[in-house]
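Single-structure report; data block below.
Bear in mind these aren't lab numbers, they're just calculated from the coordinates by the rules spelled out. The model shown is predicted, which means the values in this text are computed figures rather than measured ones. We place every Cβ from the backbone using ideal geometry, glycine too, and count neighbours over all the protein chains shown.
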């Protein structure tokens with residue numbers, strides 16, 4: 001799977017699911033969105049109070065569990081961790097804030113474009129610029145440090161939490177919150193969503209698909225392998241949208257999007273910058289967490305808290321644009337992530 005055909009197949013499957021899950025009930029232009037779905041989970045377990053985005057998304061559970069299952073089968077489940085956990089948590093938190101200012105992760109950014117949302121073009125420009133800036137720090141010696149083999153119990157914690165959340169989704173206990181309107185009330189049947197997540201989790205683990213990594217590798221070593229997967233996602237999602245009449249080109253009136261171009265660009269700049277420093281975009285981090293990488297599990301929890309912060313403090317974008325608090329926090333996040341990168345380089349050179 002870790003070859004050209006494998007990465008194209010993975011992209012094709014993700015693109016097809018990205019289009020088909022909308023037909024099954026997921027929000028328009030949001031068949032799959034790692035950031036949005038983690039945000040919905042955060043709301044469903046009570047970490048934020050935005051009533052229109054609260055739902056336990058089985059796709060996320062599938063990503064983690066699919067990667068976990070195939071890693072166990074292939075003997076690739078290796079429990080590692082200990083690489084600057086606090087820095088990872090903070091960077092991941094700001095990655096999520098940037099994504100929710102834009103209203104989507106890198107995967108949804110591509111799916112939005114495949115649905116005709118031209119606002120995603122500004123997001124792509126910002127994301128590429130962020131990745132390129134992050135890559136410059138990598139070239140100058142940035143590292144969050146080595147990961148080490150650790151107690152195997154730690155690698156099972158996030159997959160077990162995903163199983164627990166899946167049970168909660170099925171039995172719907174009273175302490176779990178489900179939206180009655182808005183994007184959180186739009187969802188595919190849980191079994192279909194779970195199957196899609198499991199398939200993507202398996203393919204993602206085998207192919208190592210990652211948009212941040214794809215742009216990084218294309219720039220650093222002129223290797224187009226990983227970025228080919230995201231081109232495949234776009235092509236197949238676009239085909240599905242054309243077939244089923246879900247391609248609606250333009251800037252105005254796009255679902256779960258805004259036309260505030262500067263903050264679309266800067267929000268995704270922060271996502272690209274932070275993702276390179278973390279070693280992968282939100283989809284890749286979620287897959288890695290399923291493989292036993294507890295550093296990526298820390299990033300996952302950073303995303304979860306970042307989603308809660310975004311909606312509890314009014315940072316997230318909306319159809320009407322981005323509030324001052326969101327704009328300020330994006331700039332603040334870029335500064336914080338830069339400081340972490342600079343200080344890490346200086347610290348590593350002193351030893």
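Using the Cα coordinates of the range 219-351, the gyration tensor eigenvalues translate into equivalent-ellipsoid semi-axes of 29, 23, 15 Å, sorted from longest to shortest. From least to most packed, judged by other beta carbons within 10 angstrom and beginning with the fewest, 210, 281 follow the order 210, 281. Packing, as the average of other Cβ atoms within 10 Å across residues, places the peptides 285-294, 173-182 in the order 285-294, 173-182, highest first. Annotation for residue 167 and residue 191: the two label points, set 7 Å from Cα along the Cα-Cβ direction, are 2.1 nm apart. Using only the alpha-carbon atoms of the range 186-297 as identical scatterers, what base-10 log of I(q)/I(0) does the Debye formula give at q = 0.10, 0.11, 0.16, 0.24 Å⁻¹? Reported log10 I(q)/I(0), two decimals: -0.39, -0.48, -1.03, -1.33. Find how many whole Å separate the alpha carbon centroid of the range 59-79 from the alpha carbon centroid of the range 1-48. Answer, in whole Å: 17.
An oblate overall shape is assigned to the range 127-174, the ratio a/c of its alpha-carbon gyration tensor axes (a ≥ b ≥ c) being 1.5 or greater and a/b not exceeding b/c. In the chain, the inverse of the mean reciprocal separation of distinct Cα atoms equals 19.6 Å; this is its Kirkwood hydrodynamic radius.
Sort 102, 332, 300 so that the residue with the fewest other Cβ atoms within 10 Å of its own Cβ comes first and the one with the most comes last.
Fewest-to-most Cβ neighbours within 10 Å comes out as 332, 300, 102.
Measuring between their Cα centroids, the range 116-138 and the range 187-264 lie 14 Å from each other.
The ellipsoid that matches the Cα gyration tensor of the range 40-88 has semi-axes, each √(5λ) in whole angstrom, of 28, 18, 5, with the longest given first.
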